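Written out below as structure tokens is the structure these notes cover.
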């Protein structure tokens with residue numbers, strides 16, 4: 001019985017695992033947002049999924065984030081980060097990639113800051 005339990009403990013987790021430490025409850029919004037953007041650029045699906053709430057979609061697979069520049073904090077409460085992002089394909093599903101404005105909005109959860117919403121602007 002213990003051998004079976006041991007084997008169960010060694011099963012791989014569902015989905016990709018973050019390549020580095022996931023920012024915790026004590027991490028700042030800025031450091032969490034930076035970790036998210038670096039993970040999206042590096043195609044670290046485990047990290048982007050760990051930092052995304054069920055309210056929106058994690059950046060994983062396509063489109064691929066090639067580069068980004070922080071433009072500043074936005075939103076009524078300052079919980080959004082505005083970027084100029086460059087992707088390999090269009091954000092609307094077209095084949096045309098390019099550079100455009102995109103905002104990532106975060107919410108404080110028990111686990112720390114997590115991506116809540118995103119979109120143009």
Test each condition in (1) assigned to a strand (DSSP E or B); (2) over 22 Å from residue 35 (Cβ atoms) for residue 86 and report the one that comes out false.
(2)
Would it be correct to say that residue 78 is in contact with a helix residue (DSSP H, G or I) (Cβ under 9 Å, 6 or more places away or on another chain), at pLDDT below 95 and over 22 Å from residue 20 (Cα atoms)?
yes
If a residue must be in contact with a helix residue (DSSP H, G or I) (Cβ under 9 Å, 6 or more places away or on another chain), under 19 Å from residue 53 (Cβ atoms) and surrounded by 15 or more Cβ atoms within 10 Å (Cβ to Cβ), how many such residues does region 84-121 contain?
6
Yes or no: region 52-59 includes at least one residue that is in contact with a strand residue (DSSP E or B) (Cβ under 7 Å, 6 or more places away or on another chain), part of a strand (DSSP E or B) and either at pLDDT 95 or above or surrounded by 16 or more Cβ atoms within 10 Å (Cβ to Cβ) (or both).
yes
Kindly indicate whether residue 72 is within 30 Å of residue 25 (Cα to Cα), free of Cβ contacts under 8 Å to residues at least 12 places away in the same chain, surrounded by fewer than 17 Cβ atoms within 10 Å (Cβ to Cβ) and out of contact with any helix residue (DSSP H, G or I) (no Cβ under 9 Å at 6 or more places or on another chain).
yes
Scan region 35-44 for residues that are outside any loop (DSSP other than H, G, I, E, B) and touching a residue at least 12 places away in the same chain (Cβ under 8 Å) and report the count.
6
Given the criteria within 15 Å of residue 103 (Cα to Cα), in a helix (DSSP H, G or I) and modelled with pLDDT of 95 or more, does residue 69 qualify?
no
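The values are calculated or read from the model by the stated rules, or taken from the named source; none is laboratory data. These numbers come from a predicted model, not from an experiment. Cβ sites come from the backbone with ideal geometry, for glycine too, and all protein chains shown count toward neighbours.
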